[in-house]
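The values are calculated or read from the model by the stated rules, or taken from the named source; none is laboratory data. What you are looking at is a predicted structure, and each value in this text was computed from that prediction instead of being measured. Reconstructed Cβ throughout: ideal geometry from the backbone, glycine too, with neighbour counts over all protein chains shown.
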Amino acid sequence: MDVMPQQDPESRRPPEPSPHDPYAMPAEGATAVPPPPPTLRTTLRRAAFGAVAAGVLLAGALVAVPDGKDDRAKEPGPVERAEAAATAGSPASLSDLTALIGDRQQWVEAHPEDAPSWATLGSAYVEWGRRSADAAYFGRAEEALKRSLAERPGERGNGEAWVGMAALANARQDFLAAKRWGETVRKQDPKAWRVYPVLIDAYTGLGDRKAATEATEKFGELRKGVPALARTADLYRGQGWREDALATAREAVDRATTPAEKAEALHRLGELAWERGEPEEAVAHFDAALRTDSGHHASLAGKARALAALERTDEAVAAYQSVVTKLPRPAYALELGELYASLDLDGDARSQYDKLGELLEQAKAAGVDESLIRARYESDHGDPAVAVELLRGQWRKQHRNPAVADALGWALHRAGESEEGLKYARQAVDTGVRNASYAYHLGVIEERLAQYGPARRHLEEALRTNPAFSPLDAPKAREALESLGEPPSGGPEDMQPPPPPPPAPEPKRESKPEPKPEPKRESPKPEAPAPAPSKTAPAPSKAAPSSPAAVEADASKSP
């Protein structure tokens with residue numbers, strides 16, 4: 001039986017590379033005190049496995065395919081489990097991923113020319129950095145992936161390293177670079193299913209809904225099962241198709257097999273329940289995910305958010321405090337700070353915002369663009385002008401997804417430019433995504449601009465979608481709605497369609513005296529017919545478009 005790594009399974013850190021490894025990155029941040037390296041046996045299967053595992057590790061697939069082995073076979077060790085999960089398209093547990101990293105570190109130290117193993121190691125680093133919120137590993141990932149491409153260029157069949165570079169770019173929020181890497185792989189091998197998840201993430205980050213939809217559909221054709229179900233559920237969720245998203249997400253839960261994939265699928269159900277304003281159900285799903293995989297810390301953050309909505313604030317604070325230690329994502333730090341502020345714990349809120357600033361600096365040093373989170377902080381708790389500058393930069397980088405549009409619209413409003421902000425806030429809501437914060441922001445901006453009817457409608461939509469969407473903003477939404485009062489009588493709910501207008505009376509003809517009969521007068525000759533129309537049709541009038549395309553073109557120009 002394989003020797004398990006001598007490391008706490010709950011540890012956030014994979015083993016450090018050997019000091020003799022020329023591509024080892026210096027310890028920094030959370031990796032400064034490494035745990036003892038695991039003792040693992042190396043086998044010749046690595047070379048054959050590497051080419052498959054590198055692409056699969058980052059494919060975002062969420063299901064394992066039964067391997068058909070006899071149940072009486074010996075229990076696999078952590079490296080074998082990670083290899084099997086990657087080959088099948090399933091996420092490995094963090095402890096198994098740790099073991100795989102240690103195993104591959106030892107292998108490439110002895111076999112530095114093994115390009116597939118370098119790609120596997122780099123891809124595993126990306127996955128570890130993403131799931132542990134330790135951006136220091138992205139630098140190591142880049143070194144390993146570049147070494148893989150140096151040993152075997154992508155044009156010579158090393159598409160796995162290209163996929164790894166695309167995933168790394170997505171993790172750093174560089175969606176244009178991810179798009180370029182991914183499209184290069186797709187051009188070389190359109191049937192390589194492993195590239196479509198990174199393309200979906202890139203297109204989603206850029207706000208290209210059409211391309212994201214097409215990539216999702218293609219992925220579903222090439223990769224059946226839970227991977228396709230997970231991506232399809234996310235697509236439906238982004239388009240506001242709640243029932244379809246829920247049904248697809250439930251099917252993914254039913255068909256998931258390993259603890260890691262089951263936890264991810266349950267987490268998705270929790271997120272959907274939270275977004276539709278059902279925090280009790282959300283807590284149940286997040287608890288189920290944590291029972292399935294105690295290392296799924298994102299579910300602990302989701303549970304904290306739902307507990308706050310249920311006004312179980314002591315439990316919510318404790319859960320947030322735990323998760324920002326285990327999974328220090330800037331978004332979670334901001335949420336905890338705002339929860340403190342809602343409880344009038346201003347000192348704790350300031351301390352948490354200071355912690356947020358430290359996390360943002362660490363991310364920046366590691367090449368991760370967290371401009372969106374920083375802008376959200378600046379809009380509500382700092383300098384809105386700074387937020388506007390950051391978000392305009394995101395827009396110039398073509399990061400035009402609903403989250404950036406909403407944040408830019410809100411930042412402009414907070415900076416005193418509500419008219420310009422209205423355009424972006426509307427764009428976020430018009431995508432169809434059911435997000436209470438987006439509707440709230442739009443309603444407040446419309447109220448500022450004296451558009452009271454639309455403001456009332458969007459504030460009601462926010463509270464109907466999720467009555468406790470934010471510990472700070474949900475009470476403000478209720479106050480704003482109360483200040484608007486009830487709509488005047490005869491409003492939209494009381495109005496009946498107007499009767500059709502009466503037909504216009506025919507113009508009266510003036511009566512003229514009958515002419516006196518004249519003797520045999522010849523009738524006038526008929527006029528010559530109008531000349532035949534030319535073969536080139538005249539341009540249609542702008543006032544009345546003559547085709548559906550022209551109508552749509554004119555409609556698109558209207559504000």
Problem - Test for R268: is it in a helix (DSSP H, G or I), within 30 Å of E461 (Cβ to Cβ) and either modelled with pLDDT of 95 or more or not assigned by TED's automatic domain parsing to the domain that holds L199 (or both) - result: yes
Exercise for the section: Within the stretch 63-92, track down each residue that is among the hydrophobic types (A, V, I, L, M, F, W, C), part of a loop (DSSP other than H, G, I, E, B) and modelled with pLDDT of 65 or more. Expected result: A92
Exercise for the section: Give just the number: which of (1) among the polar types (S, T, N, Q); (2) crowded, with 23+ Cβ neighbours inside 10 Å; (3) in contact with a Ser or Thr (Cβ under 8 Å, 6 or more places away or on another chain) does T120 not satisfy? Expected result: (3)
Exercise for the section: Could you check how many residues of the stretch 169-224 are in contact with a His (Cβ under 9 Å, 6 or more places away or on another chain) and of a type in the set (F, W, Y)? Expected result: 1
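Would you check if there is a residue in the stretch 379-397 being under 21 Å from A468 (Cα atoms) and surrounded by fewer than 19 Cβ atoms within 10 Å (Cβ to Cβ)?
yes
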Exercise for the section: Name the residue, out of S117, S123, S95, that is assigned to a helix (DSSP H, G or I) and touching a His at 6+ places or on another chain (Cβ under 9 Å). Expected result: S117
Problem - Lone unmet requirement of (1) buried (at least 24 other Cβ atoms within 10 Å of the Cβ); (2) touching an Asp or Glu at 6+ places or on another chain (Cβ under 9 Å); (3) within 25 Å of L360 (Cα to Cα) for R376 - result: (2)
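Restricting attention to the stretch 187-202, report how many residues are part of a helix (DSSP H, G or I), surrounded by fewer than 24 Cβ atoms within 10 Å (Cβ to Cβ) and touching a Lys or Arg at 6+ places or on another chain (Cβ under 9 Å). Walk me through how you get there before you give the answer.
Narrowing the stretch 187-202 to residues part of a helix (DSSP H, G or I): 187-188, 193-202.
Applying the additional criterion that residues be surrounded by fewer than 24 Cβ atoms within 10 Å (Cβ to Cβ) yields 187-188, 193.
Among the residues that remain, those that are also touching a Lys or Arg at 6+ places or on another chain (Cβ under 9 Å) are: 193.
Matching residues across the stretch 187-202 total 1.
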Exercise for the section: Output the number of the condition that L356 fails; it satisfies all remaining conditions of (1) outside the structural domain of L472 (by TED's automatic domain parsing); (2) surrounded by fewer than 20 Cβ atoms within 10 Å (Cβ to Cβ); (3) not basic (K, R). Expected result: (2)
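Could you say whether any residue in the stretch 177-186 is crowded, with 24+ Cβ neighbours inside 10 Å, assigned by TED's automatic domain parsing to the domain that holds W118 and over 21 Å from R130 (Cα atoms)? Break it down stepwise before answering.
Looking only at the stretch 177-186, we keep the residues that are crowded, with 24+ Cβ neighbours inside 10 Å, and these are 178, 181-182, 185.
Of the ones still in play, those that are also assigned by TED's automatic domain parsing to the domain that holds W118 are 178, 181-182, 185.
Retained after the next criterion (residues that are over 21 Å from R130 (Cα atoms)): 185.
Yes, the stretch 177-186 has at least one match.
From T204, T248, T213, grab the single residue that is farther than 22 Å from D430 by Cβ, at pLDDT 95 or above, under 19 Å from the mean Cα position of the chain (by Cα) and not hydrophobic (A, V, I, L, M, F, W, C). Let's see the steps before the verdict.
Values: T204 fails: farther than 22 Å from D430 by Cβ; T213 fails: farther than 22 Å from D430 by Cβ.
Just one listed residue meets the conditions, T248.
Right, A403: within 19 Å of the chain's Cα centre (by Cα), crowded, with 16+ Cβ neighbours inside 10 Å, touching a residue at least 12 places away in the same chain (Cβ under 8 Å) and not assigned by TED's automatic domain parsing to the domain that holds G432 or not?
Values: within 19 Å of the chain's Cα centre (by Cα): yes; crowded, with 16+ Cβ neighbours inside 10 Å: yes; touching a residue at least 12 places away in the same chain (Cβ under 8 Å): yes; not assigned by TED's automatic domain parsing to the domain that holds G432: no.
Here the answer is no, as A403 does not meet what is asked.
Out of curiosity, is R456 at pLDDT 95 or above, more than 26 Å from Y377 (Cβ to Cβ), under 27 Å from the mean Cα position of the chain (by Cα) and in the same structural domain as A428 (by TED's automatic domain parsing)? Steps first, answer last, please.
On the way: at pLDDT 95 or above: yes; more than 26 Å from Y377 (Cβ to Cβ): yes; under 27 Å from the mean Cα position of the chain (by Cα): no; in the same structural domain as A428 (by TED's automatic domain parsing): yes.
Here the answer is no, as R456 does not meet what is asked.
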Fill in the blank from the handout: Within the stretch 157-171, residues crowded, with 22+ Cβ neighbours inside 10 Å and over 19 Å from A212 (Cβ atoms) come out as N158, G159, E160, A161, W162, G164, M165, L168
Exercise for the section: May I ask you to verify whether E275 is in contact with a Leu (Cβ under 6 Å, 6 or more places away or on another chain), among the acidic types (D, E) and crowded, with 18+ Cβ neighbours inside 10 Å? Expected result: no
Handout entry: Unmet criterion (only one of (1) closer than 27 Å to D406 by Cβ; (2) touching a Phe, Trp or Tyr at 6+ places or on another chain (Cβ under 9 Å); (3) of a type outside the set (G, A, S); (4) surrounded by 17 or more Cβ atoms within 10 Å (Cβ to Cβ)) for E264
Key = (2)
